[in-house]
1. Starting from the exponent 0.38 and prefactor 2.2 Å, build the expected Rg for the chain from its residue count and divide its actual Cα Rg by it.
2. In nm, to one decimal, how far is the modelled label at ASP119 from the one at ALA32, with both set 7 Å along Cα→Cβ?
3. Nearest 10 degrees is fine. How inclined is helix 17-71 to the longest principal axis of the chain, computing both from alpha carbons?
4. For the range 101-179, what does the alpha-carbon gyration tensor say about shape, rounded, prolate or oblate, given a ≥ b ≥ c as the root eigenvalues, a/c under 1.5 as rounded, and a/b over b/c as prolate?
5. Check which residues have an amide H placed less than 5 Å from ILE194's amide H, if you skip close sequence neighbours.
6. Rounded, prolate or oblate: which fits the range 150-219 when a ≥ b ≥ c are the square roots of the eigenvalues of the alpha-carbon gyration tensor, with rounded for a/c under 1.5 and prolate only if a/b beats b/c?
7. Summing Lys, Arg as +1 and Asp, Glu as -1, what charge do residues with Cβ under 12 Å from the Cβ of THR77 carry, THR77 excluded?
8. Net charge near ILE211, counting Lys/Arg +1 and Asp/Glu -1 over other residues with Cβ under 13 Å of its Cβ?
Amino acid sequence: MLMKENKNIEQSTGFTLIELLVAMAIFGIVMAAIYTVYDSQQKTYLTQLQVVAMQQNLRAATLFLERDIRMAGYDPTKNNAARIITANAAVMRFTMDLNGDGDVTDADEDILYNLYDADGDGDMDLGRTANGVLSLLADNMDAMNFVYLDKNGLVTTVLNDIRSVQLTLVARAGQRDTGIVNNLGYRNQQGTVIYTGPNDNFRRRQLNTQIKCRNIGLP
């Protein structure tokens, strides 16, 4: 009886150490592959989020700029109260008589756009100043460039000759992406480099548009 039990024990085999090691190695390879796929998908997802956020920032800022610049110089009383005051590559200021009372001292009638550091972190943001009240319009805006054109589509610096404005915005992602190095040059619509990536790890997006000044130069 005892010999029979020993024989049964000898015949019942389990996993050998080598088999266990092989199984663990295969499991490790499978898990590594799964993690690689997950990590790649996660990075792609985060990149897409950053791109979407930048595009939304650019579009929102552009909507404000287009609306205001189109109204620049609106002067229903014809007393020359509304006009373009400042027009350089980095800053644009203009007035409009929205309620037709003959002055430009009411809310949203004296508008200035420029970049500034809203929270003291060293990064530039887009600001809109309306009658002396500064508001943050879009954060992480590395560049804003204005080019002014006359009625013939030629670049001008004469305020009274401005008929349209070429606007270029360069937005930056809110988080670093260590998988890239950004040293790209960003150009305005005249081909001039207005910003160069400082070899950092931030993604950027650019938006170009041309805005007609509907209320400037009217008879």
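Where a number appears in this text, it was derived from the coordinates with a stated rule and is not lab data. What you are looking at is a predicted structure, and each value in this text was computed from that prediction instead of being measured. Positions of Cβ are backbone-derived with ideal geometry, glycine not excepted, and every protein chain shown enters the neighbour counts.
1. Scaled against compact globular proteins, the figure is 1.81.
2. Inter-label distance under the simple model: 4.0 nm.
3. 10
4. On the way: a/c = 3.67, a/b = 1.38, b/c = 2.67.
Here the range 101-179 falls in the oblate category.
5. TYR186, ARG187, ASN188
6. prolate
7. Working: positive: LYS78; negative: ASP75, ASP97, ASP101, ASP103.
Value of the local net charge: -3.
8. Details: positive: ARG67, ARG70, ARG163, LYS212, ARG214; negative: GLU66, ASP68.
Once positives and negatives cancel, what remains is +3.
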